[in-house]
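The values are calculated or read from the model by the stated rules, or taken from the named source; none is laboratory data. Since the structure is predicted, the reported quantities are computational estimates derived from the model, not experimental observations. Cβ atoms come from the backbone with ideal geometry, glycine included; neighbour counts cover every protein chain shown. Ligands, DNA and RNA are stripped out before the accessible areas are found, and what is left, the full protein with its side chains, is counted by its heavy atoms. Shrake-Rupley method; radii C 1.70, N 1.55, O 1.52, S 1.80 Å.
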Amino acid sequence: MTSRDKKGSSAGGSTNPFADDVAAASPFGDEFTFEGSTSNNNNNLDIHESLEDLSLGGNSHNDDIHSFEVTPQINTAAAGGTFDDIQLENDMTEQGVHYIDDEGGNTRRMRMGTQRRPDGNPLVGRAKTLKWAEKNFLNPIEDFVKGDEIDDDSMKNRADELRTIYYNMPLPEEMLDEEGKPIMEYATNKIRTTKYTPLTFLPKNILFQFTNFANIYFLVLNILGAFQIFGVTNPGLSAVPLVVIVIITAIKDAMEDSRRTVLDLEVNNTKTHILNGIQNDNVSADNVSLWRKFKKANSRLLFRFIQYCKSRWTEEGRRKRAMRKRNQLRAQRVAQTSGSAPRGSLDSVGSYRYSADLGRGSLDYTGDIDTENMASVMDRNMPLRTDVKFDKGFWKSICVGDVIRIHNNDEIPADVILLSTSDADGACYVETKNLDGETNLKVRQAMKCSQTIKSSRDAARAKFWIESEGPHANLYSYQGNLKWVDSRDGDLKNESASINNMLLRGCTLRNTKWAMGVVVFTGSETKIMLNAGVTPTKKSRISRELNFSVLMNFLLLFIICFISGVVNGVYYDKHPRSRDFFEYGTAAGRAATNGFVSFWVSVILFQSLVPISLYISIEIIKTAQAAFIYGDVLLYNAKLDYPCTPKSWNISDDLGQIEYIFSDKTGTLTQNVMEFKKCTINGVSYGRAYTEALAGLRKRQGINVEEEGRIEREGISRDKDIMIDELSRLSNNSQFYPDEITFVSKEFVQDLKGQSGDDQQKCCEHFMLALALCHSVLVEPSKKDPNKLEIKAQSPDEAALVSAARDVGFSFVGKTKKGLIIEIQGVQKEFEILNILEFNSTRKRMSCIVKIPGMNEGDEPRALLICKGADSIIYSRLSVEPGANDEKLLERTAIHLEQYATEGLRTLCIAQREISWSDYKKWNARYNVAASAVSDRDKKLDDVSEEVERDLILLGGTAIEDRLQDGVPDSIAILAEAGIKLWVLTGDKVETAINIGFSCNLLNNDMELLVLKSGGEDVEQYGSDPETIVDNLITKYLQEKFGLRGTEEELADAKNDHEQPRGNFAVVIDGDALKVSLSDEFIRRKFLLLCKNCRAVLCCRVSPSQKAAVVKLVKNTLDVMTLAIGDGSNDVAMIQSADVGVGIAGEEGRQAVMCSDYAIGQFRYLTRLILVHGRWSYKRLSEMIPAFFYKNVIFTMALFWYGIYNNYDGSYLFEYTYLMFYNLCFTALPVIFLGILDQDVSDTVSLVVPQLYRVGILRLEWNQRKFLWYMFDGLYQSLISFFFPYCVYKRTMLVTKNGLGLDHRYYVGVMVASIAVISCNLYVLLHQYRWDWFSTLFIGISCISLFFWTGVWSSSLKSHELFRAASRIYSTPAFWGVFFVGIMFCLLPRFTLDCYNNFFYPKDVEIVREMWAQGEYDMYPEGYDPTDPNRPNITKRQTGGYSTGITMDRYFGGDNASHDSVMTEEIPMRVLNDPEGAPAGIRVGTEADAAPHPQTRQWQGQTQVPASPKETQDLLFTPTLPQGEAPGAGNAASEENNPFADFRSSLDQTRTEMLQTNALDNRYSVDRARVSLDLPGVTNANALIDARKSMHKER
């Protein structure tokens, strides 16, 4: 390393580092240095060398080597060197650089805000710096709804079931039974999300199927038919339909469950590292019941059979089988020749590495942890054990009390308490996307007493026990104690464990070499599984309501059977009758007994009134619908290679009745990808973007956003190309990757090159440097490109800020002991970080303190505080000293931030403060005292931080876009037009939820946000306790906004009201207020009424169980159909509580997908799934089910009418095969194809006219009234079908040409059946919207099959009495006469009524079908998807008296237009299409085109107007403006002529000046969303300025 030269200058004079006389001291200069000295602390180096020697000492790899490899760190060496040769923390080197401060001690390395001792050890410990999480993370509750608890057993709170886990210690006698086995029984780590197992499938599925009353009914009838007394011709044949139905349903259920079984097998057989050699007395290894042994044996047999089939019937299986055989032959050959022949170079010989198991002192690695003064669970006096090591095992083998080791990028297999990590601090990073859908990293801290455990041998010398709470579903809470007896003094020690000391199952270890922990909860008792719950069995609404229809048919069946029994009993009691001479007595003997037997005979005879074939037909239809959904290419996500996957096939019709959608935010509406889009520096706005929120705003203004968006995107693309080209020429940035640039502003690059002057150039440089310094991110080499450093951050916002600075040449490339390495325009420089004041939800800001050396040698250094945080927080802490902050600059920045917020961007402010070294040392002493405090440490740290984070100088602001998934705003808008209400339930904070609400157009600037919260200064007037506050707020909103009181009568009226809310309000509520709102029945009712009358509802900071409770509240109280959609484990309870659960199969985990009913790749696919497939499925089943009852009523009631003439003796009118084939062949296919293929309108029209969906919300297509109408129609047609042929026989008793009569009952039955079958099939055809060749063909085949079967079967002698019936009947003209007349009379009344309604009272769908037929929707191509971002631009046309939008006056009142547009003046497209600059109005003129005004901003083609000059800003000082050159000075004359100028606020004047100089985009409305209470996330320029003034008054 080369030594650094120290440059200095006089301490007096100006302290501006950008001034000419001190230019050499600038941090941007190569001469800028820190002081350094020599240190001889080389402990880490020695340990690394000894470990390296050990690891290289053997020839084979030791699996336990990771136990004593620590996370690489920079080590100490002689000071000196240059910035260009700095060893980064991520590099594994034997030599490093260590710097010390000017007082000779080691500078504390600030890693994530951790203060350190001079030896590098933590002063406070990372766990203490993270204590704020316990305070600020919402502590959700499980049983918060009195009387409406989550009824799933898995969601039960079992925290009071305490458990004690012993490690390396025998259990006490009170925890053992008589046989010496543990009393406690813990769940195994083997999980099962399936409904069935191979052993329980058959009995459990059969039992479930026979919970259906209809199946029980048919089973009883089949049993009765086995007795000859009831006269069933063929009992075995009559049982076939029931058997077929049960088998097909079982196959369908098995296919549904098979996917979950495969996923469970993959998870349970995942490998991990389990410590072997230490006896785990907490569980009994041989305590396996006979039942479990039997189940395991069955499972093994099943899997072996499956493996056997795969190895012989699949190509891959045969290949693997051949490979196994080759390996076996090779092993045999090696074994035979091992003693005589030399070993082949490719032959592997197993060896045992003894060197790794010897008890050597060098293996007992403790790193730089102070083991002398730290209490430890390790007993150094215990002998080393060589039989203890980590072996690979399966997840399912893990037990409570086991010690496991997780490697980097491995998933956590169980809930474990963290004992130690590869990091010297005992910290590790986890990714929780499987739990909550968030990809940002979270820090977890190992127990302090166990941080010395670094290897398996260390673990063998540890003894402790854990007193833990029981399992519960709260993801953010845990309480436990780790206790041990200290080997040094024999005292009992205790350390408490919290959720920050736990690694939860489903998380992934990141940026940490390894982590070691002891298992506390396994399998079904882990938090992820408790939140998942038991997979419920859902039943569609139509299927539930179908039971009532079936009961009505049972009632009708009972009535006609009772009549039959009474009539037959009375008939047998009369004498004399002909039967006295022809019958040999009766089966029953007495009249009453005969009537009883006749009743059951009638039940068997009329059983088709409750058709068993209906259920098998419904199963066929729903299976086909699921196949259509799965095969829809427009629901296929090519990026993920994932189609829409139905997991529950029997609820597709529920998709057509959804009224409420409950959605998660992160990963569902958003991609959880933050992109830096805009910034304001020194009052100048940079960046060009066209966000979804802006598009929504412009659309409400009546602008063609598709055309405007296309022009904007083209302009952004051009600017990006120019920016990339200029950045490439500006410097040699090693981390410059053009494809990843999100901040597009060619003006910024021009100012960075000094085009607008040195002052603005330095302002831009300093701003980006501040972003590169003030953060807590990590970098690691990319796996794909080792030269590329990937940014890993706890917050995606931080990653976006650091990435933006990197893209423009200020790259954070690593950390050292002293601070950070920043590559500035290709040159690496080190900046010493003194302190990091971490962000939390209370402070809403983060700060870092950077050490700046003195100007001259011997001068005191300085400290620079850089603070970033919420705009309102920063503005309230800005300095009010004269000249510190220019008021115009603050106003311009506030207006820019307001504009960014209007675009749906997340805003932050950056500020700084210079601190003298003496003041810093005094403050740092107070900070160290607060950090070492035993009680109230968090509060004391916040108070000390508050002291230094004030009197700030504003640098600027940033705007970050939380990227929505493709098509989310369009999807939400279309769903709203369909009458569907969307509620967002998220665990995220209020600010981000509101930003996303504006971005996806769920919220808009015209709305008033009704805020519900349980505390705060602004709600003190509403009560003293949370319950009173929330109750009073809800009551106030209900009365003032909607005139409601929250009574039961109002709730009853609300159940019948399915209109969209009329008011323009939205509810925003946090988890604490939601807890109160759901705690009492009265408050719960008022809360529900308030939310129902608002257009949008945002529930923030809610727990998984709270999400489920909200869904159940709406579903059960309002009696509506609900759908929940999410992507993380925290959404599972919500998904399972809703009628339909949808999982997003994205990159955020798989738990939600596994437990959902439908899995899709993106949120936008939900629109097509609901509006197309859901509506089709609902309409098809709504028409198919009553049609099925109708056709069976015709046939059955014809038998009943025949009973009038045979005294209901049970004789058949139809030959038996007719009874069997009527529902199987003659009429089955038309009604089935009606349920599968019918379409009222195409999929494109369904999406273009979403209002058609509302009939499903109103349940107009299926109801009991419609069912009764069809039953009545069937009853009428049965009369025609029977009595028309009867009237033909009544007078003539038909005789054929050859004299043979046609008076046999079977012959009459042929005529009756012919009329009934043909009229039934034609009836279905008339009610079918789509007459395609396929459906029409099968309707024709079904009709012909009747005549075909009659001709074929009657030609056989086996037909007995029906022999030659076809030739006799069909040759008779009377048959054809009554046949056609009967069909006409059957269909004419219904056909006439339908025509009348269509002409005079048409439905909405009929109107749309006429428009469709006239070509109103021909401009939309086939497969058009309005949510597809790549959809073609369609120009809607207006023809005749029709409009492409329709109204729903019939069902929703008079004012229900599809779109609500506010017409405003349209901005000229030439402004947007400016090739020279962004529409934000920030184009700085060059020297060539700016004369005679050097700084003029202009729109191309417009008159040049003078703009405010670039304000100056230094590295450390407040921006200053030359006198008389304030922004907008060029318009002073116009202000003088304005008589009302004095009455306008300074902010309004600044806004006017910015608009006149095109420094502000005039496309935005000044009006912002109104809020009822203080609400973070709603940025308003006036509020920012007022916040600063109010803070000044308080001071």
Residue list for region 1294-1340, filter: closer than 26 Å to CYS1395 by Cβ, exposed (fewer than 14 other Cβ atoms within 10 Å of the Cβ) and not hydrophobic (A, V, I, L, M, F, W, C): ASP1332, GLY1340
Among what's in region 664-687 and is of a type in the set (Lys, Arg) and open to solvent by less than 10 Å² (accessible area, probe 1.4 Å), pick the residue that is modelled with the highest pLDDT. LYS678
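Looking at region 850-892, which of the residues that are assigned to a strand (DSSP E or B) and under 38 Å from the mean Cα position of the chain (by Cα) is farthest from VAL990 (Cα to Cα)?
If we filter region 850-892 for residues that are assigned to a strand (DSSP E or B), which is where we start, we get 850-852, 862-869, 878.
After this cut, where a residue has to be under 38 Å from the mean Cα position of the chain (by Cα) as well, the list is 866-869.
Values: ILE866: 25, CYS867: 22, LYS868: 19, GLY869: 15 Å.
Among those that are assigned to a strand (DSSP E or B) and under 38 Å from the mean Cα position of the chain (by Cα), it is ILE866.
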Qualifying positions in region 870-924 - buried (at least 24 other Cβ atoms within 10 Å of the Cβ), closer than 26 Å to LEU834 by Cα and of a type in the set (Val, Ile, Thr): ILE874, ILE910
Do you know which residues across region 617-650 are buried (at least 21 other Cβ atoms within 10 Å of the Cβ) and closer than 19 Å to THR1227 by Cβ? SER617, ILE618, ILE621
Here's a check for you: in region 949-965, which residue that is of a type outside the set (Lys, Arg) and under 27 Å from the mean Cα position of the chain (by Cα) is surrounded by the fewest Cβ atoms within 10 Å (Cβ to Cβ)? GLN965
Sort out which residues of region 1056-1074 are farther than 13 Å from ALA993 by Cβ, in a helix (DSSP H, G or I) and at pLDDT below 90, and write them in order of number. ASP1072
Which of (1) over 30 Å from THR992 (Cα atoms); (2) in a loop (DSSP other than H, G, I, E, B); (3) touching a Leu at 6+ places or on another chain (Cβ under 7 Å); (4) not charged (D, E, K, R) is the odd one out, the single condition ALA424 does not satisfy? (3)
So which residues in region 183-229 are assigned to a loop (DSSP other than H, G, I, E, B) and either open to solvent by 80 Å² or more (accessible area, probe 1.4 Å) or in contact with a strand residue (DSSP E or B) (Cβ under 7 Å, 6 or more places away or on another chain) (or both)? ILE183, MET184, GLU185, LYS190, ARG192, THR211, PHE227
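Where residues in region 1030-1053 are open to solvent by less than 10 Å² (accessible area, probe 1.4 Å) and part of a helix (DSSP H, G or I), which of them is farthest from LYS1013 (Cα to Cα)?
To start, the set of residues in region 1030-1053 that are open to solvent by less than 10 Å² (accessible area, probe 1.4 Å) comprises 1030, 1033-1034, 1037-1038, 1046.
From what's left, part of a helix (DSSP H, G or I): 1030, 1033-1034, 1037-1038.
On the way: VAL1030: 6, LEU1033: 9, ILE1034: 10, TYR1037: 13, LEU1038: 16 Å.
Among those that are open to solvent by less than 10 Å² (accessible area, probe 1.4 Å) and part of a helix (DSSP H, G or I), it is LEU1038.
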Quick one: in region 1017-1029, which of the residues that are open to solvent by less than 60 Å² (accessible area, probe 1.4 Å) and in a helix (DSSP H, G or I) is farthest from LEU1074 (Cα to Cα)? ASP1018
Only one of these is without any contact (Cβ under 8 Å) to a residue 40 or more places away in the chain and either charged (D, E, K, R) or closer than 27 Å to ALA793 by Cα (or both): ASP458, ASP489. Name it. ASP489
Find all pairs meeting these conditions: Cβ atoms under 9 angstrom apart; at least six residues apart or on different chains; first residue within region 1298-1324 and closer than 19 Å to PHE1200 by Cα; second residue of a type in the set (Lys, Arg). TYR1307/ARG1368; ALA1316/LYS1191; VAL1317/LYS1191; CYS1320/LYS1191
For the list (1) at pLDDT 95 or above; (2) open to solvent by 20 Å² or more (accessible area, probe 1.4 Å), I need the number of the one condition that TYR1205 fails. (1)
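Of the residues TYR476, TYR429, which is touching a Pro at 6+ places or on another chain (Cβ under 7 Å) and either assigned to a strand (DSSP E or B) or open to solvent by 10 Å² or more (accessible area, probe 1.4 Å) (or both)? Please lay out each step first, then the result.
Details: TYR429 fails: touching a Pro at 6+ places or on another chain (Cβ under 7 Å).
Only one candidate passes the filter, namely TYR476.
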Yes/no for SER1335 being over 18 Å from TYR1276 (Cβ atoms), assigned to a helix (DSSP H, G or I) and of a type in the set (Gly, Ala, Ser): yes
How many of the residues in region 196-225 are touching a Lys or Arg at 6+ places or on another chain (Cβ under 9 Å) and at pLDDT 80 or above? 6
For region 1344-1359 the number of residues that are surrounded by fewer than 21 Cβ atoms within 10 Å (Cβ to Cβ) and in contact (Cβ under 8 Å) with a residue 40 or more places away in the chain is 4
Result of the Cβ filter at 9 Å on region 988-1001, keeping first residues that are more than 16 Å from GLN965 (Cα to Cα) and partners that are among the small types (Gly, Ala, Ser), at least 6 apart or interchain, is LYS989/SER841; LYS989/GLY1577; VAL990/GLY1577; GLU991/ALA870; GLU991/GLY1577; ILE994/ALA1569; ILE994/GLY1577
Consider only pairs whose beta carbons are under 7 Å apart and that are at least six residues apart or on different chains; among these, list those whose first residue lies in region 956-975 and is among the basic types (Lys, Arg) and whose second residue is open to solvent by 10 Å² or more (accessible area, probe 1.4 Å). ARG963/GLN671; ARG963/VAL673; ARG963/GLU675
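With the requirement that a residue be among the aliphatic types (A, V, I, L, M), farther than 21 Å from LEU864 by Cα and in a helix (DSSP H, G or I), what does region 898-929 give you?
Step one: list which residues in region 898-929 are among the aliphatic types (A, V, I, L, M), which gives 901, 905, 908, 910-911, 915, 925, 929.
Those still in the list that are farther than 21 Å from LEU864 by Cα too: 901, 905, 929.
Hits for region 898-929 are ALA901, VAL929.
Regarding SER487, is this residue touching a Lys or Arg at 6+ places or on another chain (Cβ under 8 Å) and either part of a strand (DSSP E or B) or surrounded by 23 or more Cβ atoms within 10 Å (Cβ to Cβ) (or both)? Let's see the steps before the verdict.
Working: touching a Lys or Arg at 6+ places or on another chain (Cβ under 8 Å): yes; either part of a strand (DSSP E or B) or surrounded by 23 or more Cβ atoms within 10 Å (Cβ to Cβ) (or both): no.
The answer is no for SER487.
If I filter region 663-709 down to residues being polar (S, T, N, Q) and farther than 30 Å from ALA1109 by Cβ, which single residue comes out as nearest to the chain's Cα centre (by Cα)?
Taking region 663-709 first, the residues polar (S, T, N, Q) are 663, 666, 668, 670-672, 680, 682, 685, 691, 701, 704.
Those left that are additionally farther than 30 Å from ALA1109 by Cβ: 680, 682, 685, 691, 701, 704.
Values: THR680: 33, ASN682: 39, SER685: 34, THR691: 22, GLN701: 32, ASN704: 32 Å.
The qualifying residue nearest to the chain's Cα centre (by Cα) is THR691.
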